[in-house]
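The values are calculated or read from the model by the stated rules, or taken from the named source; none is laboratory data. As the structure is a prediction and not an experimental result, all values here were calculated from the model. Note: ideal-geometry Cβ built from the backbone for every residue, glycine included; neighbour counts use all protein chains shown. The accessibility values were calculated without ligands, DNA or RNA, using every heavy atom of the protein model including side chains. Shrake-Rupley method; radii C 1.70, N 1.55, O 1.52, S 1.80 Å.
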Amino acid sequence: PGRAKRLLLSQLFQPLNLQAGGEGDGRAGEPSCRSQKLLVQGGLIHPSSPGCYYYLPPAVRAMEKLIKVMDEEMQAVGGQKLDMPSLSSAELWRASGRWEQMGPELFRLVDRHGKGYCLGPTHEEAVTELVAAQSNLSYKQLPLRLYQVTRKFRDEPKPRFGLLRSREFYMKDMYTFDASEEAARQTYDLVCGAYHSLFSRLGLPSVKVRAATGSIGGTVSHEFQLPADIGEDRLTLCPAGHFAANVETLNGEQTSCPTCGEKLTQTRGIEVGHTFYLGTKYSSVSNAVFYSPDNKPQLAEMGCYGLGVTRILAASIEVLSTEDSIRWPSLIAPYQLCFIPPKRGSKEEKEGAALLEQVYDDLTEALPHLAGDSVLDDRTQMTIGKRLKDANKLGYPYVVLAGKRVCEDPPIFEVWNQNAGEVLFLTKEGVIELLSKVQVP
């Protein structure tokens, strides 16, 4: 009683196809890449229609952890979380001019009364209308930093690379309202700092590059990119870090750094975040005003800040993994820990299985935050080696197994620290001490 129930691998809804070779899911006829192939084979996602996926329980766990880390970073800069409707009225989008501008990328629909809507690809119009509805907003209530994590919809002409370019995806989007341009630019720097902090906590090598403002608009824009061969963006970087830009923003062929004169290098990147200083582009359309100290209505200065939740999930696997083994940012691995008991019928079976289960139970009692993060691979008809290979492919940061030395006195367990690439031989106390350092959001 009171014991956490052990999570058995055989009972998880995670249809493994780890022996599969070849390309991605193939069935949707989309070009595939490493992350798509690994996510499908590992039973984390399952294709539904082009650019749409089922997220299976382990993927949802990883996503929820990632969102927790995002919540911490957004709340550290004064973010308040809300949730806006996915259905957005055509009138709102017509008023901002984007109903026409977005073209076929908008999923459009008409209700039974003939009223037009779109499925939100982004929420500038909606949030500005919400703030404009607060008729007596005072400068004392600013800055407002409102954000959500929600599904977004874009009718991609060619969905590809699994979660890297899909038609339905999760995004964290923050919208800020400030009393002056100067204050809005301070907010801009603050949120960019939070993005840097997020990527460094995940151990991802992000680069902030100058970017075009595109259909969102505004006057200043930066992308956060993860350098990767599969990336669809071409980036130009100064080796000393003075300058970084998306090639699309450069006039002609700029070959040297404007600061230090060093030769610029080219690389490809996956865009995982995008920030915009919007000014009054949207607040002037919806009349989103606040009252200044002398009680005059003034238009709020806005910014918007996106992070691709599902894209970061896929991009992190893309840049950290090998061809056939997932490597997660350890903070967001679906499960931190896999226990592998001896093979059925082996001489270690009886004693080893009981000792390993004891470690599982003692560990979850000593470190309750790991209780839901530990899986027991109960497929004991398979050899330890075979299950270890599967655990390696799925990228559990730690694997604890009952091998030949489990029958020694005291029993010694084999612990694989996947991210450090090392194998340790530890007593039960040693295992608990090692894992006490593991962080779970």
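Tell me yes or no: at least one residue of region 130-145 is more than 25 Å from Glu73 (Cβ to Cβ) and β-branched (Val, Ile, Thr). The answer is no; no qualifying residue exists. The residue pairs whose first member lies in region 91-104 and is closer than 14 Å to Pro121 by Cβ and assigned by the TED database to the domain that holds Lys115, whose second member is modelled with pLDDT under 95 and open to solvent by 30 Å² or more (accessible area, probe 1.4 Å), and whose beta carbons are closer than 6 Å, counting only pairs six or more residues apart or on different chains, are Gln101/Ser215; Met102/Ser215.
Looking at Thr128, is it among the hydroxyl-bearing types (Ser, Thr, Tyr) and closer than 20 Å to Ile312 by Cβ? For Thr128, the condition - among the hydroxyl-bearing types (Ser, Thr, Tyr) and closer than 20 Å to Ile312 by Cβ - is not met. For region 256-275, the criterion of a residue being in a helix (DSSP H, G or I), buried (at least 20 other Cβ atoms within 10 Å of the Cβ) and modelled with pLDDT of 95 or more is satisfied by no position. Only one of the numbered conditions (1) under 18 Å from Thr150 (Cα atoms); (2) open to solvent by less than 30 Å² (accessible area, probe 1.4 Å); (3) not in a strand (DSSP E or B); (4) not basic (Lys, Arg) is not met by Cys118, and that is (3). Number of residues in region 397-422 that are more than 26 Å from the chain's Cα centre (by Cα) and not in a loop (DSSP other than H, G, I, E, B) equals 10.
Of the listed requirements (1) crowded, with 21+ Cβ neighbours inside 10 Å; (2) out of contact with any Leu (no Cβ under 8 Å at 6 or more places or on another chain), Val406 misses just one: (2).
Sub-6 Å Cβ pairs linking a first residue in region 177-206 that is touching a residue at least 60 places away in the same chain (Cβ under 8 Å) and polar (S, T, N, Q) to a second residue that is outside any loop (DSSP other than H, G, I, E, B) and crowded, with 16+ Cβ neighbours inside 10 Å, at least 6 apart or interchain, are Thr187/Thr176; Thr187/Asp178; Thr187/Gly303; Ser197/Glu73; Ser206/Phe199; Ser206/Phe224; Ser206/Leu226, ordered by first then second residue. Residues that are of a type in the set (Asp, Glu) and either within 26 Å of the chain's Cα centre (by Cα) or open to solvent by 40 Å² or more (accessible area, probe 1.4 Å) (or both) within region 363-396 comprise Glu365, Asp373, Asp378, Asp390, listed in sequence order. Within region 142-160, is there a residue that is part of a helix (DSSP H, G or I), under 22 Å from His123 (Cβ atoms) and either aromatic (Phe, Trp, Tyr) or open to solvent by 30 Å² or more (accessible area, probe 1.4 Å) (or both)? Scanning region 142-160 turns up no residue that is part of a helix (DSSP H, G or I), under 22 Å from His123 (Cβ atoms) and either aromatic (Phe, Trp, Tyr) or open to solvent by 30 Å² or more (accessible area, probe 1.4 Å) (or both).
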